[in-house]
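Reading through the structure tokens given below for one structure.
The values are calculated or read from the model by the stated rules, or taken from the named source; none is laboratory data. Source: prediction; values computed, not measured. Positions of Cβ are generated from backbone atoms using ideal geometry, with glycine treated the same way; all protein chains shown enter the neighbour counts. Surface areas here come from the heavy atoms of the whole protein model, side chains and all, with no ligands, DNA or RNA. Shrake-Rupley method; radii C 1.70, N 1.55, O 1.52, S 1.80 Å.
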Amino acid sequence: MPSPHDTLAPLLSAAIATAFGDEHRDADPVLRPSQFADLQANFALPLAKRLGMPPREIASRVVAELDLAGVCSGVDVSGPGFVNLTLADSWIASAVRAVSDDPRLGVAAEQERVVVLDYSAPNVAKEMHVGHLRTTVVGDALARTLEHLGHNVIRQNHVGDWGANFGMLVEHLLAVGEGSEAARLVETDPNAFYQAARDASESDPEVMARARARALALQERDPETVRLWTYLVDLAKHYFNGIYAALDITLTDADLAGESTYNDALPGVCAELEAKGIATVSDGALCVFLPEFTGREGKPVPLIVRKSDGGYGYATTDLATIRHRVEDLGADRVLYVVGAPQSLHFQMIFATARVAGWLPDDVQVVHVQIGNVLGEDRKILRTREGKALRLGALVDEAVDAARGVLDEARPDLDPGTRHTLARQIGVGAIKYADLSVAHDSEYVFDLLRMVSLTGNTGPYVQYAAARVRSIFRSAGVQIGVGEGEEARRIVIGDPAERALALALLEFGSVVRGVGSELEPHRLCAYLFDLAQTFSAFYEACPVLKAPDAESRESRLGLCATTFRVMEQGLALLGIATPDQM
Ligand code: ARG
């Protein structure tokens, strides 16, 4: 499905080759949107030095060789040697017809690759915090997008379900009793359980001693201890799954691969590192020192893989994990959607895995860094009205806020419809707010702004889609029926029709960009822009009251394609398209 860029770039390359020889063909004819034309090509300036010729002359000679019949209606050389290209309305119309005819709406499937995607990863018996919310939402949007692009996405929920703390947690479970209200806190208010377990062991040396012994018993797989641990993990799963269901997240129990999964592999990881001379014992601990990681005064920073007490930690587990993902899961790409503060940890893991030979050069690993979510005081959001922030409560609050907006905008809706819409809008608002900011930037969590119908918000985009749908409702026509026919009818006349059509042509390359750069905010920006372009079109070009039958049909075709692109785009972000708003 050729976009303007993909159509023009090879034509320009060919003309450069004809004018100056094949050796210059690879000169990348950078194409940018321009205020003077649809696209502006800048190849003459970079070539000028190599060819020893004024850039304007280079541009003119290439233009003379350019065959733009059927594609452009205008081409001229401007400024110091830019080439301005104006697409022909007829080319735009046929390109948008092709998008409209395509069930994938111009999003070409890519060569399938195995993508291992690590995201969400909350911890057992701890509250999921807004940081986890963000890695969950961003990771899920990437999973959906990469799958749509044709990849085999293997979701891995690397939950924190192992470690010395579990001795204390299991002891506390025994103290309060399985099935008790206090035990069920793991499912309903995990931080409260954690805190109670901690208080109990810190206030009583005997409990502390039992907790230590219990941690050892778990390490040694004492059956009763493992059973109690499993009980806790199962309660936590219910808690996670409740949040995933509320947020419409695609993770299931089948995607769980927590830290405990790798426990048996840890001694082997250490042994191999030691045997290869990559890890050495320093102050009793087994450490990896890599020359590129130095701290103050150039002192090397160690990656500790076995503590002096013989215990393994987070880093050892991540080394076993990366080896498993490459060797057993066959990953071509391994993506970690995890908070930015863990950046150094992942750099050291990746570097160590490369040296150890567990991570071949042709496997791409990326830490998709997630920026902090801040409160109104611009500090990391941890509390709300003095109380610890609960994620479930946050979602409820967003839904309530959305209901408030709906009550005002649509008092006519029946309670059932209002309930469904409030969920879709509230959840969409939270997700969109998370996704529309570059994933590595911080942002301030502001519920009222998120649910607002104006600005770059989820509800704004959802509302635009609902409005397009309502045009079809008024016309008594169904979207998607006879798509092919609709498509064939599109003609471009008004500049607003042209702008809308051009926007629709970019969907494919935007989605591809999200997959390659791992940046869902590009798709948000695109959808926001499309919604605004649609608004301008709808103001300038009456659809149902179009001047003649031909333009009415054409405009309905543009509306249908716009709706389908919006719905598909929102779906890739994991956001619902409400029936009406
Ligand atoms: N459970 C960790 C946390 O809450 C995140 C795990 C991320 N994934 C990984 N492979 N280390 O910080």
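Please state which of the following conditions Arg32 fails to meet, knowing it meets all the rest: (1) in contact with a strand residue (DSSP E or B) (Cβ under 8 Å, 6 or more places away or on another chain); (2) over 30 Å from Arg155 (Cα atoms); (3) crowded, with 17+ Cβ neighbours inside 10 Å.
Tallying (1) in contact with a strand residue (DSSP E or B) (Cβ under 8 Å, 6 or more places away or on another chain); (2) over 30 Å from Arg155 (Cα atoms); (3) crowded, with 17+ Cβ neighbours inside 10 Å, Arg32 fails exactly one: (3).
Of the residues Thr383, Thr294, only one is free of Cβ contacts under 8 Å to residues at least 24 places away in the same chain, of a type in the set (S, T, N, Q), open to solvent by 70 Å² or more (accessible area, probe 1.4 Å) and under 25 Å from Ala433 (Cβ atoms); which?
On inspection, the qualifying residue turns out to be Thr383.
Residue by residue through region 328-371, note down the ones that are open to solvent by 50 Å² or more (accessible area, probe 1.4 Å), within 19 Å of the chain's Cα centre (by Cα) and either within 13 Å of the ligand (Cβ to nearest atom) or at positive phi (or both).
Within region 328-371, Pro341, Gln342, Gln369 meet the criteria.
Identify, please: which residue in region 137-155 is within 15 Å of the ligand (Cβ to nearest atom) and open to solvent by 10 Å² or more (accessible area, probe 1.4 Å) and is, among those, farthest from the chain's Cα centre (by Cα)?
Ile154
Which residue pairs have Cβ atoms under 7 Å apart, sit 6 or more places apart or on different chains, and have a first residue in region 333-351 that is under 20 Å from Cys287 (Cβ atoms) and modelled with pLDDT of 95 or more and a second that is in a helix (DSSP H, G or I) and within 11 Å of the ligand (Cβ to nearest atom)?
His345/Ala315; Ile349/Ala315; Ile349/Asp318; Ile349/Leu319; Ile349/Ile322
Only one residue in Val77, Val137, Val153 is assigned to a helix (DSSP H, G or I) and touching a residue at least 12 places away in the same chain (Cβ under 8 Å), so which one is that?
It is Val137.
Can you tell me how many residues within region 268-289 are exposed (fewer than 14 other Cβ atoms within 10 Å of the Cβ) and either acidic (Asp, Glu) or part of a helix (DSSP H, G or I) (or both)?
4
So which of Tyr314, Tyr231, Tyr239 is closer than 25 Å to Gly179 by Cα, within 16 Å of the ligand (Cβ to nearest atom) and open to solvent by 10 Å² or more (accessible area, probe 1.4 Å)?
Tyr239
Would region 174-181 turn up any residue that is in contact (Cβ under 8 Å) with a residue 40 or more places away in the chain and assigned to a helix (DSSP H, G or I)?
Within region 174-181, one or more residues are in contact (Cβ under 8 Å) with a residue 40 or more places away in the chain and assigned to a helix (DSSP H, G or I).
Tell me, which helices (runs of 4 or more DSSP H) wholly within region 444-546 include 3 or more residues that are open to solvent by less than 50 Å² (accessible area, probe 1.4 Å)?
Helices (runs of 4 or more DSSP H) meeting the threshold: 458-475, 483-488, 495-505, 507-517, 521-540.
For region 96-128, how many residues are within 15 Å of the ligand (Cβ to nearest atom), under 18 Å from the mean Cα position of the chain (by Cα) and open to solvent by 10 Å² or more (accessible area, probe 1.4 Å)?
The total comes to 1.
Are any of the residues in region 374-388 more than 24 Å from Tyr443 (Cα to Cα) and out of contact with any helix residue (DSSP H, G or I) (no Cβ under 6 Å at 6 or more places or on another chain)?
no
When you look at Asp377, is it over 19 Å from Ala576 (Cβ atoms), assigned to a loop (DSSP other than H, G, I, E, B) and not hydrophobic (A, V, I, L, M, F, W, C), yes or no? Let's see the steps before the verdict.
Working: over 19 Å from Ala576 (Cβ atoms): yes; assigned to a loop (DSSP other than H, G, I, E, B): yes; not hydrophobic (A, V, I, L, M, F, W, C): yes.
Judged against the criteria, Asp377 is a match.
Look at His324 and say whether it is in a helix (DSSP H, G or I) and open to solvent by 20 Å² or more (accessible area, probe 1.4 Å).
Yes: the conditions hold for His324.
Within region 61-74, is there a residue that is polar (S, T, N, Q), assigned to a strand (DSSP E or B) and open to solvent by 40 Å² or more (accessible area, probe 1.4 Å)? First the steps, then the outcome.
At the first step, the residues of region 61-74 found to be polar (S, T, N, Q) are 73.
Cutting the leftovers down to assigned to a strand (DSSP E or B) gives us 73.
Now restrict to residues that are open to solvent by 40 Å² or more (accessible area, probe 1.4 Å): 73.
Within region 61-74 (the criterion being polar (S, T, N, Q), assigned to a strand (DSSP E or B) and open to solvent by 40 Å² or more (accessible area, probe 1.4 Å)), the answer is yes, since at least one residue qualifies.
Within region 156-169, work out how many residues are of a type outside the set (Asp, Glu) and either part of a loop (DSSP other than H, G, I, E, B) or surrounded by fewer than 22 Cβ atoms within 10 Å (Cβ to Cβ) (or both). Quick ask: steps written out before the conclusion?
Kept after step one, since they are of a type outside the set (Asp, Glu), are these residues of region 156-169: 156-160, 162-169.
Those still in the list that are either part of a loop (DSSP other than H, G, I, E, B) or surrounded by fewer than 22 Cβ atoms within 10 Å (Cβ to Cβ) (or both) too: 158-160, 162-165.
Qualifying residue count for the region: 7.
Please give the number of the condition Val395 fails out of (1) open to solvent by 20 Å² or more (accessible area, probe 1.4 Å); (2) among the β-branched types (Val, Ile, Thr); (3) modelled with pLDDT of 90 or more.
Just one mismatch for Val395, condition (1).
Which residues, taken from region 547-570, are open to solvent by 50 Å² or more (accessible area, probe 1.4 Å) and basic (Lys, Arg)?
Of everything in region 547-570, just one residue is open to solvent by 50 Å² or more (accessible area, probe 1.4 Å) and basic (Lys, Arg), namely Arg552.
Kindly state which helices (runs of 4 or more DSSP H) lie completely within region 190-262 and contain at least 3 residues that are within 30 Å of Gly428 (Cβ to Cβ) and either under 27 Å from the mean Cα position of the chain (by Cα) or not polar (S, T, N, Q) (or both). Explain how you work it out, then say what you get.
Numbers: elements: 190-203, 205-219, 223-247.
Hits in region 190-262: 223-247.
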